[in-house]
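See structure below.
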Amino acid sequence: MNVSPRALLRFLENSRLTLALAESCTGGLVSAQLTAQPGASRVLWGSWVTYSNDAKHRCLEVPQSSLELYGAVSREVALAMAEGALRLSGASLALSITGVAGPGPSEGVPEGTVWMGVAGPWPSEAVRLQIKGQREQIQRRSAEIARLVLLRWWQQEGRLDSVGLDGDN
């Protein structure tokens, strides 16, 4: 299932929700895809591209201890990024993406490993994906899946199961 940028924006607007984004490996791609649509300003609060660990810590208040203990590409950091974006923005929902787009592994984490975090009115949740492809394919597929993750999390009232979130499609 693919959720287009336009469909996600329409859903957010109809649900009277606002969104903040915290992106790392996608480099702002999710935000760019949403802002390419007319009316995005009605629901998109804004976004951070926190590519370095220092940016994650300074901009989103990700604890330095989490970055050191778990690494930038981890459940803990994805959750901290989403929770930081939610807290700092005041948006209704926040989505984070952190991963290794490649080429090759980074800090022992395999290429294509992506964590997404979601924060909002329910307990924060994160999902891990393993996406195959070259760098741009991993980034593009991550952005597509991120829209689905956000929509699913909201529709399931804060629950995320990975069924149907296959990064290989």
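Table for the structure above
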quantity: Per-residue [θ]222 nm for the chain (sum of -39500 (n - 2.57) over DSSP H runs n ≥ 4, rounded to 500); calculated: -12500 deg cm²/dmol
quantity: Extension gain (nm, one decimal) between E61 and M1, 0.36 nm per residue minus Cα-Cα; calculated: 18.3 nm
quantity: Relative contact order (percent, whole number), the chain, Cα cutoff 8 Å, 6+ residue spacing; calculated: 22
quantity: For the chain, size of Cβ-based charge dipole, Lys and Arg +1, Asp and Glu -1, in debye; calculated: 500
quantity: Gain upon complete extension [L69, Q137; 0.36 nm per residue less C-alpha separation]; calculated: 21.6 nm
quantity: For a label point 7 Å along the Cα-to-beta-carbon line of L17, residues of segment 102-132 with backbone N under 16 Å; calculated: 116-127
quantity: Candidate values (1) 106; (2) 96; (3) 145, label of the one derived for volume of the Cα convex hull per residue in Å³; calculated: (2)
quantity: Fewest-first ranking of W153, W115, using other Cβ atoms within 10 Å as the exposure measure; calculated: W153, W115
quantity: Residues with amide H under 5 Å from that of V62, placed H, sequence gap 5 or more; calculated: H57
quantity: Neighbour count of at most 14 Cβ within 10 Å plus DSSP loop: longest trypsin sites (Lys or Arg not before Pro)-free window in the chain; calculated: 17-131
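Readers should treat all values here as calculations from the given coordinates under stated rules, not as data from a laboratory. No experiment lies behind these values; they were computed from the predicted model shown. All Cβ positions, even for glycine, are placed from backbone atoms using ideal geometry, and neighbour counts span all protein chains on display.
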